[in-house]
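Heads up, the thing below is written out as structure tokens.
The values are calculated or read from the model by the stated rules, or taken from the named source; none is laboratory data. No experiment lies behind these values; they were computed from the predicted model shown. Counting neighbours? That spans all protein chains shown, and the Cβs are built from the backbone with ideal geometry, glycine included.
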Amino acid sequence: MDIRKEAAQANSKLSTLEKVSYSFTDMAGNLLYVSMSSYILYFYTDVFDIPVSAAGMIILIACIVDAVSAIFWGSIVDHTHTKWGQSRPYFLWLAVPFALSTFLAFTAPNISGVPKLLYAGITYVLAAGVIYTGIQTTISAILPNLTLDPNERIGANSYRMVGSLIGSFVNSTFTLPLVAFFGNGNDKHGFMMTIAIFGVAAIVLLITAFKNMRERVPVSQKSLPFKQSLKATVGNVPWYLLVISFATFWIAQADRNSFSTYYAKYNLGNTELAAVFNGLQVLGIISSISIPFIVKIANKTATMLIGLGIRAVGQTMMALVGGNFILVIVSWSIGVLGSALAMSMPFAMLADTVDFGEWKTGVRAPGFLTAVGSAFCIQLGSGFGSFIPSKILDMTGFVANKTQTPAASGAINFYFIWLPVIIYAIVAGIMVFYLKYEKMEPKIKADLVARAEQRDA
């Protein structure tokens with residue numbers, strides 16, 4: 001292909017259908033993954049009758065394994081060359097395995113002792129880890145290959161986050177009511193039926209995304225060895241900053257999601273309020289839609305910092321309003337708006353670190369860089385975000401389905417409200433250093449185009 005035609009294709013605008021289809025990928029992912037991030041600890045302790053300390057250990061081990069698998073998924077993507085592209089075919093190949101493994105994770109067979117723990121651990125690793133990590137990797141890895149246009153990347157990522165929030169909203173709002181409806185007092189059966197419905201929907205969404213998306217940015221037709229993928233990280237400081245900050249951020253996200261049900265049930269005395277908390281995540285659509293406009297006025301780094309600040313303010317307000325239902329909801333909603341801004345930006349910024357890696361080392365490794373920068377961070381952060389609080393709960397005398405001790409109630413309050421605030425401040429401190437590299441992006445993209453022209457001259 002002529003270099004000018006190739007460059008024009010790589011920088012082309014994405015159709016609305018393609019952006020909507022891109023949103024379907026994370027919508028499908030969250031239809032199922034939010035079940036695990038929000039309800040698996042509760043399912044283990046209150047439904048499957050697994051001790052909280054054992055449940056926390058299962059989640060930690062699984063998430064560490066899953067985080068490591070993200071590295072391999074990145075390399076697998078960089079080795080993939082099909083007529084459909086590098087990342088796109090995995091939406092087709094992993095759709096059914098993802099739905100099936102999640103269904104099994106929320107199935108509670110009549111077993112006990114070590115077999116019960118092994119079943120929980122294996123199914124969690126498959127669902128939340130190996131398979132979901134593959135999907136999450138390709139969702140992020142495909143973005144730098146859809147287009148080189150930075151504005152189109154921001155726009156596509158905004159669509160993705162809207163889809164993500166819709167998936168989260170549907171799951172968070174309807175999971176517990178559907179469990180109650182289908183279970184009719186039997187939560188085991190209720191969870192199985194609910195996850196089965198979400199699984200079928202996720203399959204349809206992923207297949208639709210596969211059908212309508214295209215990868216335009218040319219990549220090497222040769223498989224990229226793992227050592228070469230690693231080379232793309234050498235001197236890639238903006239990538240390091242994103243990896244550290246995003247992994248830390250997800251400790252707060254997992255902690256907050258895991259403890260929302262406990263906080264509602266034991267501290268506020270209303271289990272159904274957890275569904276309200278999680279359902280209000282849909283308000284993040286407002287933030288996601290506004291991202292392209294905020295970025296134009298400020299920049300990507302500032303947008304993320306604004307989001308972290310708003311999230312911290314909302315969390316702090318929750319601590320000050322006590323049990324007032326209306327004020328709790330208002331405070332939580334403010335935090336949701338900020339969280340959506342902060343969570344969206346790293347996914348878009350990772351695409352720019354792929355360009356930086358190619359500019360710095362000559363190696364373009366979208367699979368590896370985005371896998372570690374997204375799936376690895378999410379899994380590792382989620383693991384520690386669930387494990388640490390679970391150990392503290394165990395130490396403070398938590399007993400499922402009982403009135404909690406003051407120590408246990410205090411621990412739930414701290415981990416649901418204050419730990420995220422502390423983490424958001426840490427992440428903001430790290431991201432301040434990213435601004436230097438964001439200012440370099442126009443020069444980097446111009447240099448990459450010039451190099452491509454020289455190669456083809």
Filter segment 229-287 down to the residues that are among the charged types (D, E, K, R) and assigned to a helix (DSSP H, G or I) and list them by number.
K231, D255, R256, K265
Evaluate segment 380-401: report whether one residue or more is charged (D, E, K, R), surrounded by fewer than 23 Cβ atoms within 10 Å (Cβ to Cβ) and touching a Lys or Arg at 6+ places or on another chain (Cβ under 8 Å).
no
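Let's see how each residue does on (1) farther than 29 Å from N30 by Cβ; (2) in a helix (DSSP H, G or I); (3) at pLDDT 90 or above:
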site: S386; (1), (2), (3): no, yes, no
site: P389; (1), (2), (3): no, yes, no
site: V399; (1), (2), (3): yes, no, no
site: I417; (1), (2), (3): no, yes, no
site: Y434; (1), (2), (3): no, yes, yes
If you check every pair at least six apart or on different chains, which have Cβ atoms under 6 Å apart with a residue in segment 15-32 that is farther than 13 Å from I207 by Cα first and a residue that is aliphatic (A, V, I, L, M) and at pLDDT 95 or above second?
L31/A201; L31/A202; L32/A202
Positions within segment 181-192 being of a type in the set (A, V, I, L, M, F, W, C) and either surrounded by fewer than 17 Cβ atoms within 10 Å (Cβ to Cβ) or in contact with a strand residue (DSSP E or B) (Cβ under 7 Å, 6 or more places away or on another chain) (or both), in sequence order:
F181
Looking only at segment 1-31, count how many residues are modelled with pLDDT under 85, small (G, A, S) and either within 19 Å of M161 (Cβ to Cβ) or part of a helix (DSSP H, G or I) (or both).
3
Return the residue satisfying two criteria in turn: it lies in segment 231-274 and is small (G, A, S) and in contact with a Phe, Trp or Tyr (Cβ under 7 Å, 6 or more places away or on another chain), and of such residues it is nearest to P366 (Cα to Cα).
A232
For the condition part of a helix (DSSP H, G or I), of a type in the set (G, A, S) and closer than 25 Å to I334 by Cβ, what is the one hit in A428, A446?
A428
(1) in contact with a helix residue (DSSP H, G or I) (Cβ under 9 Å, 6 or more places away or on another chain); (2) of a type in the set (V, I, T); (3) modelled with pLDDT of 85 or more all hold for V276 apart from (3)
Restricted to segment 300-331 and to residues being in contact with a Leu (Cβ under 7 Å, 6 or more places away or on another chain) and not in a helix (DSSP H, G or I), the residue nearest to G284 (Cα to Cα) is V321
How many residues, within segment 86-136, are in contact with a Leu (Cβ under 6 Å, 6 or more places away or on another chain) and under 21 Å from R214 (Cα atoms)?
4
